[in-house]
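These notes concern the structure reproduced below.
The values are calculated or read from the model by the stated rules, or taken from the named source; none is laboratory data. Values in this document were obtained by computation on a predicted structure and should not be read as measured data. No Cβ is skipped: glycine too gets one built from the backbone with ideal geometry, and neighbour counts run over all protein chains shown. Keep in mind that these areas ignore ligands, DNA and RNA; they rest on the heavy atoms of the full protein, side chains included. Shrake-Rupley method; radii C 1.70, N 1.55, O 1.52, S 1.80 Å.
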Amino acid sequence: MTTARPALDPELRELLTGMPLMSQLTPEVLAQLRQLPAASVDSLLAHRQVNRREISVPAKDGAQIRLSVFSPANTDHTTAAPCVYWIHGGGMVMGDRFSQIDIPLEWLDEFGAVVVSVDYRLAPEATGTTLVDDCYQGLLWTAEHSEELGIDPTRIIVAGASAGGGLAAGLTQLARDLGAPAIAAQVLICPMLDHRNTTTSSRQYSGVPGVWTGEMNEFGWRAVLGDLTDDEVSAYVSPARAEDLSGLPTTYIDTGSAEVFRDEDTNYATRIWAAGGQAELHVWAGGFHGFDALYPQANISATARRTRTDWLTRLLLPNGSA
């Protein structure tokens, strides 16, 4: 077991002292966590001029997938807006479409973007490719209704955090292979990319309490994959398995130096470059998993969030206007 670990950012370390940490997840603990109050979007919308719609679209098996659509209320509707298609985190076993929604809502403020957030089904109730297929059906509906939603179909950004980042990566591979919908960019925030859980950072953050540990990661992947062998795992579920990372849209990846996903995330960026693609990678020194979502007020968090927004500004507003 590797015991040497990068030190936490001092401000984050102080903030973490008041948070209960775990090293493992069990079915019983997961059931308790799912009983906690769900994330609320109301307080985030209270000070914004936003129109909200709730949509249900059919999954491949006929189940209903819920989408929340947030649009700026003060737009003149003369120019089609960019779209952020948001996929929430939660280890693929918890969370809902409002989890971490404050992140894309900042981009609604900044760019007038329409935010579409998908409530994909969770493991272990849903397994295999079901989660990414749900995300795909929601994205397909969004692209097909772009005119109705006031969206520019050439400026659809797929974004997600943690498990949502991994699903965003798998969804982007799937859309590439199917030829549609067009995705302008993907934003992968501390993404969960590799079911094998064998990197140095996976070992560094096993056997110790944390926000998301190697043991918790194994639990999440088992919930999704069950007893599948490595050869049976789809790259759309575990994107690091993909042999070909060419033809992907421009990509933003960030992670912390003090987290379990550090090495699989940096490796994914390296492989995109090797395939001739474009990726921007940030490894935030002393950042633990999900630090900027948990503690957005910390200096390092504010910097990380601002850097992502600056990248999107260069992508979406190259001439300074939408």
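Each row is one residue, and each column tells you yes or no for (1) touching a residue at least 60 places away in the same chain (Cβ under 8 Å); (2) farther than 27 Å from residue 281 by Cα.
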| site | (1), (2) |
| --- | --- |
| 124 | yes, yes |
| 137 | yes, yes |
| 161 | yes, no |
| 190 | yes, no |
| 217 | yes, no |
| 227 | no, yes |
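Mind listing whichever residues of segment 40-64 are in contact with a helix residue (DSSP H, G or I) (Cβ under 9 Å, 6 or more places away or on another chain), touching a residue at least 24 places away in the same chain (Cβ under 8 Å) and closer than 28 Å to residue 297 by Cβ?
Matches in segment 40-64: 41, 44, 45, 48, 50.
What about residue 121, is it touching a Ser or Thr at 6+ places or on another chain (Cβ under 7 Å) and either at pLDDT 95 or above or crowded, with 24+ Cβ neighbours inside 10 Å (or both)? Quick ask: steps written out before the conclusion?
On the way: touching a Ser or Thr at 6+ places or on another chain (Cβ under 7 Å): yes; either at pLDDT 95 or above or crowded, with 24+ Cβ neighbours inside 10 Å (or both): yes.
Against the criterion (touching a Ser or Thr at 6+ places or on another chain (Cβ under 7 Å) and either at pLDDT 95 or above or crowded, with 24+ Cβ neighbours inside 10 Å (or both)), residue 121 qualifies.
Scan 67, 16, 30, 21 and give me the residue that is more than 24 Å from residue 141 (Cα to Cα) and within 21 Å of the chain's Cα centre (by Cα).
Details: 67 fails: more than 24 Å from residue 141 (Cα to Cα); 16 fails: within 21 Å of the chain's Cα centre (by Cα); 21 fails: within 21 Å of the chain's Cα centre (by Cα).
When all the criteria are applied, what remains is 30.
Considering only residues that are among the hydroxyl-bearing types (Ser, Thr, Tyr) and either open to solvent by 30 Å² or more (accessible area, probe 1.4 Å) or in a loop (DSSP other than H, G, I, E, B) (or both), which ones fall in segment 142-157?
The answer is 154, and nothing else.
Would you please name the residue that is least open to solvent (accessible area, probe 1.4 Å), looking only at residues in segment 179-208 that are of a type outside the set (S, T, N, Q) and over 18 Å from residue 250 (Cα atoms)?
Among those that are of a type outside the set (S, T, N, Q) and over 18 Å from residue 250 (Cα atoms), it is 192.
Quick one: which residue in 160, 166, 138 is under 27 Å from residue 307 (Cα atoms), open to solvent by less than 10 Å² (accessible area, probe 1.4 Å) and part of a helix (DSSP H, G or I)?
166
Just to be sure I understand, how many residues within segment 85-117 are within 27 Å of residue 210 (Cβ to Cβ) and assigned to a strand (DSSP E or B)?
Number satisfying all stated conditions: 3.
Can you tell me how many residues in segment 253-298 are open to solvent by 50 Å² or more (accessible area, probe 1.4 Å) and closer than 17 Å to residue 16 by Cβ?
The number of residues fulfilling the criteria is 4.
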